[in-house]
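The next block holds one structure in the form of structure tokens; read it before the comments.
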Amino acid sequence: MAANETREVFVTGLRNAHAMENQALSIMKPQLSRIENYPEVAAKLEQHIRETEGQIGRLEDILAGLNEDHSSLKDMALSFTGAMAAMGHTMAGDEIQKNSFANFALENFEMAAYKSLLTVAEAGGYGAATSALQANLAEEQAMAAWLDENIAAVTTKFLSLREAGERAKV
């Protein structure tokens, strides 16, 4: 692949990742504002929101280093769809579970995106970007692992609250 083609794929991937992270914020922030009975989930979401904001900054730095900018249109479109997805779960009787499943899927999607970007960075000689992309990937892997390790506990607490007649969904 010609160098300019690889650069185009890399820049497009970075813009997509930037939009993806904005989408993640538009999903996590409403979730966090609604959580009442799952303080451990709230704490982890709050931490990951801060990490995601840092990831966006890293992506912007990489793009700036390439004399490129993020795509405001992609950012707005994915943020809107993320907000709609988050709102859709609020009507579910098992909102906390649906959010946990969706977050786990999103974290795995993000991991795949960063692994792909790292491959393109290597192929295109964009070594200056790899440490930032590796940092983003590591944070996504940590969040996915936490979600994976805690789905049983969240489900058990959901069942316990529901059986006790308490507000279980969030």
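None of the figures in this text is laboratory data; all of them are computed from the coordinates on show. Quantities reported herein were computed from a predicted structural model and do not represent experimental measurements. Cβ coordinates were reconstructed from backbone atoms using ideal geometry, including for glycine residues, and neighbour counts include every protein chain displayed.
Annotation for segment 112-137 versus segment 1-27: alpha-carbon center distance of 11 Å. The Kirkwood hydrodynamic radius of the chain, based on inverse pair distances between different Cα atoms, is 16.9 Å.
Starting with the highest mean, order 17-28, 37-48 by the number of other Cβ atoms within 10 Å, averaged over the residues of each peptide. Don't jump to the answer; show the numbers that get you there.
On the way: 17-28: 23.7, 37-48: 17.0.
Top of the packing list down: 17-28, 37-48.
Determine the sum of side-chain charges near Phe109: Lys and Arg each +1, Asp and Glu each -1, restricted to other residues whose C-beta is under 12 angstrom from that of Phe109. Can you show the working numbers first?
On the way: positive: Lys115; negative: Glu21, Glu107, Glu110, Glu140.
Residues close to Phe109 contribute a combined charge of -3.
Across segment 47-59, rounded Karplus estimates of 3J(HN,Hα) from the backbone phi angles (6.51 cos²θ - 1.76 cosθ + 1.60, θ = phi - 60°) give 4, 6, 4, 4, 4, 4, 4, x, 4, 4, x, 4, 4 Hz, Gly and Pro being marked x.
Dividing the summed helix terms, -39500 (n - 2.57) for each DSSP H run of n ≥ 4, by the number of residues in the chain produces a 222 nm estimate of -30000 deg cm²/dmol to the nearest 500.
Computed from point charges on the beta carbon alone (+1 for Lys and Arg, -1 for Asp and Glu), the dipole magnitude for the chain about its Cα centre is near 400 Debye.
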